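> Dropping a structure here in structure tokens format, bear with me for questions.
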Amino acid sequence: SLQRTIYSSLRPPPFPTNSALWPKLARQAVPAPNFGYVHDSAGTGSTCLANVDAFNQYRLKPRMLVDATHRDLSVTLFGQTYASPLLVAPVGVQEIMHTDAEIATAEACRNVKVPMILSTAATRTIEEVASASGDGDRWYQLYWPRSEYEDVTASLLGRAKREGYKVLVVTLDTFTIGWRPVDLDTSYLPFLWGQGCAVGFSDPVFQRRVEEELGRDERGVGEKLREVRDLLLRPGTPWGALKVLRNLRVMQRSQMWLSVMNSGTYRKWEDLRVLRELWGDGPIVLKGIQTVEDAQRAVEFGMDGIIVSNHGGRQLNGAIASLDALRDVCADETVKRSGLTVLFDSGVRTGVDVLKAMCLGAKGVLIGRPYMYGLAMGGQSGVEHVLNCLLAEVDNSLGQMGKRSVKDLSRGDLEMRKQQA
Ligand code: FNR
């Protein structure tokens, strides 16, 4: 039926199926700084490019005369069966792409049966997104506050659990935001991250903490916010007063206040014990793992899974391509024996990319920027289009490979390209 939605329509699809065109359409749909924040990456962008380019190092080896008429895209993660290996990566501040923001994404995910991972830095609350997601699968991503705010972490995780988010994803690579020249040159979000835009706190425990601290310390969050606002409203701000006001409203609705608490503060492996206590028996997945050593540590500290990811090249520029990290992590004997569930993101742009990552050992694959372009292109229907294209291409290409199930993919189905002399 996936194939049919794409191939049997007499009308051309509402948006292009060529994923290379999605960023072009998104660029036309939103203000330049908003697009830049999503599209661009850290430093010279070399890691972001390497992520995408890494897929070209590998070529698939299709088999012929195999009956792959009926194909099965389903995977089992942490004891639950999902319709496909695709997941929607946690992406913050979605309102900068479309006014329907995370609600549109949640509805699209429910419709196409792709789990949504909700970001801590969302512009809609945990409860609002849960309600839009309905009977769809949802996971929760935590930007982990400093240890002084363990009560806030407990509150967030309690709310997520109550609202039916099944898996906890803890992002480890963003205790400090990366060096992102495009955002810095438009004085866009990093400024707000750095200063800490704490207006939008919606968590009751956090609100209580802020009130307590404001009472004690005049140079608390309130003061920081006033500084941010004064700077933003200063005449001559590059992209105009209206846009500033619009973005300020976005920030006010957002939960980016959490970065106030964790900016520059690194937690330690032993601290994961606290999250285990707060989250209980539910699966915990560490996002941002890039080395065999850290994958082994995740096993040692009793984690259920990891996401091999470099945040789409938005954090440490110069870091290795995420796909190369995946290859090494999945080849490691300790990791293999442990039964750790290895998921993957960074650089996936097509259905074929999904298959290549699975050949290297990923059990599930997250999509970041592409669905944000979809959101800018057409809100819920744009996100749905992007996910449907990826799913249909996975399905189609699996058949072209002569495979009946994504579970049958293995390293032997890939060949590494010979190095050019
Ligand atoms: C992200 N990412 C991210 N990750 C996370 O754990 N929490 C977050 O709030 C965000 N926010 C965010 C915003 C934007 C605009 C982007 C592009 C990315 C990282 C995201 O989950 C994922 O790791 C990357 O997007 C994957 O790379 P690709 O698919 O964009 O190449």
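> Taking 45 Å as R0, compute the FRET efficiency from the Cβ-Cβ separation of residue 417 and residue 78 and round it to 0.05.
0.85
> Still on this structure: Got a number for carbon plus sulfur as a percent of segment 338-406's accessible area, 1.4 Å probe?
On the way: 580 of 1390 Å².
Carbon-and-sulfur percentage of accessible area, whole number: 42.
> Same structure, new question: Take the solvent-accessible surface of the protein heavy atoms, probe 1.4 Å, and return the percent of it on segment 1-150 that carbon and sulfur atoms account for.
On the way: 3630 of 6870 Å².
Roughly 53 percent of what the probe reaches on segment 1-150 is carbon or sulfur.
> Please give me the summed charge of the neighbours of residue 130: other residues whose Cβ is under 13 Å from its Cβ, Lys and Arg +1, Asp and Glu -1.
Net of charged neighbours comes to 0.
> Can you flag which of 61/356; 61/113; 113/166; 61/403; 336/418 are past 20 Å Cα-Cα? List each step's numbers first, then the result.
Details: 61/356 11 Å; 61/113 29 Å; 113/166 15 Å; 61/403 11 Å; 336/418 27 Å.
Beyond 20 Å between Cα atoms: 61/113; 336/418.
> Another question, then. Just check segment 257-379 against the gyration tensor rule for me: Cα atoms, a ≥ b ≥ c as the square roots of the eigenvalues, rounded for a/c under 1.5, and otherwise prolate or oblate depending on whether a/b exceeds b/c.
oblate
> Could you give the dipole magnitude of segment 306-358 about its Cα centre, charging the beta-carbon of Lys and Arg +1 and that of Asp and Glu -1, in debye to the nearest 20?
The calculation lands at about 100 debye.
> Compute the signed sum of charges (Lys and Arg +1, Asp and Glu -1) over the other residues within less than 15 Å, Cβ to Cβ, of residue 113. Don't skip to the answer; put the middle values down first.
Working: positive: 110, 138, 166; negative: 72, 107, 135, 137, 384, 395.
Here the charged neighbours net out to -3.
The values are calculated or read from the model by the stated rules, or taken from the named source; none is laboratory data. What you see is a predicted model, and the numbers here were worked out from it, not measured in a lab. Please note: Cβ atoms are built from the backbone with ideal geometry, for glycine as well, and neighbour counts cover all protein chains shown. Ligands, DNA and RNA are excluded from the accessible area calculation, which covers all protein heavy atoms including side chains. Shrake-Rupley method; radii C 1.70, N 1.55, O 1.52, S 1.80 Å.
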